[in-house]
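Right, one structure below, let's go through it.
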Amino acid sequence: LVNVFRIAKGKSVVTYSAAASKVAYAHSLDMLNRSFFDHINPDGKSPFDRMQAAGLSFSAASENIAAGYINAVTTHMGWVNSPGHRVNLLGNYTQLGTGVAFGGEYKQYFTQNFLTPR
């Protein structure tokens, strides 16, 4: 979905990053388990802190989060229709990691981590 949208808007595709996906999934699971919804976790760690702690070195990075959507398509459309998330979707990044955790108050917690490695 992300690359279809990026191509339609004249942007280059992003490639899958297993390491960024691991970070994204861990954040989704953390939001579920500790009942919060934010880019900054209860320990004060930002997306950039979490990516660096996982050994990712980047010149640019961003994160999208969502919760409560019924599937990946509705989540993607929510991001497309949100100006800040849309900027991330169309940013000058080369890699993307995604993670979804199921359960909790919002049923589904989605995280995308975009980055351009150093």
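Given the options Gln95, Gln108, Gln52, state which has the largest fluctuation in a GNM of the chain using a 10 Å cut-off (strictly under) for Cα springs.
Gln52
Run the helix sum for the chain: -39,500 (n - 2.57) per DSSP H stretch of 4+ residues, divided by residue count, reported at 222 nm to the nearest 500 deg cm²/dmol. Please report the intermediate quantities before stating the final value.
On the way: 5 runs with 46 residues, N = 118.
For the chain, the value works out to -11000 deg cm²/dmol.
Taking Lys107 as the anchor, which lysines have their alpha carbon closer than 27 Å to its alpha carbon, excluding any fewer than eight residues away along the same chain?
Leaving aside lysines fewer than 8 places away in the same chain, those within reach of Lys107 are Lys22, Lys45.
Around His27, with a cut-off of 15 angstrom between Cβ atoms, what is the net charge of the other residues, counting Lys and Arg +1 and Asp and Glu -1?
-1
Could you list Val80, Val87 in order of exposure, starting from the residue whose Cβ has the fewest other Cβ atoms within 10 Å?
On the way: Val80 15, Val87 11.
Ascending Cβ contact count within 10 Å gives the list Val87, Val80.
Out of Gly78, Gly91, Gly44, any idea which swings most in a Gaussian network model of the chain, alpha carbons joined below 10 Å?
Evaluated over the chain, the most mobile residue of the options is Gly44.
Per 0.36 nm of contour for each residue apart, how much would the distance between Ala60 and Ser12 grow if the chain were fully extended, relative to their Cα-Cα spacing?
Details: separation 48, 0.36 × 48 = 17.28 nm, distance 1.55 nm.
Result: 15.7 nm gained on full extension.
If I build a Gaussian network model for the chain, linking alpha-carbon pairs within less than 10 angstrom, which residue out of Arg34, Arg86, Arg50 has the largest mean-square fluctuation?
Its mean-square fluctuation being the largest, the pick is Arg34.
Using the 10 angstrom Cβ neighbour count as an exposure proxy, how do Leu56, Leu89 rank, fewest first?
By the 10 Å Cβ count, ascending, the order reads Leu56, Leu89.
Based on the Cβ-Cβ distance of Phe5 and His39, what FRET efficiency does E = 1/(1 + (r/R0)^6) give at R0 = 22 Å, to the nearest 0.05?
The computed FRET efficiency comes out at 0.55.
Below 11 angstrom from the Cβ of Pro47, what's the summed charge of the other residues (Lys, Arg +1; Asp, Glu -1)?
Net charge in that neighbourhood comes out at -1.
Using θ = phi - 60° and the Karplus curve 6.51 cos²θ - 1.76 cosθ + 1.60, what whole-Hz ³J(HN,Hα) does each residue of the stretch 38-44 get, with Gly and Pro shown as x?
Result, rounded to whole Hz: 6, 6, 9, 7, x, 8, x.
Given a Förster distance of 25 angstrom, what is the FRET efficiency for Lys22 paired with Met77, based on the Cβ-Cβ distance and rounded to 0.05?
E(calc), rounded to 0.05, equals 0.45.
Only counting other Cβ atoms within 10 Å, I'd like Glu63, Glu105 sorted with the fewest neighbours first.
The most exposed by this proxy come first: Glu105, Glu63.
Read-outs: derived from the displayed coordinates by stated rules, not from any lab. Fair warning: this is a prediction, and the values are worked out from it, not measured in the lab. As a convention, Cβ positions derive from the backbone with ideal geometry for all residues, glycine included, and neighbour counts pool all protein chains shown.
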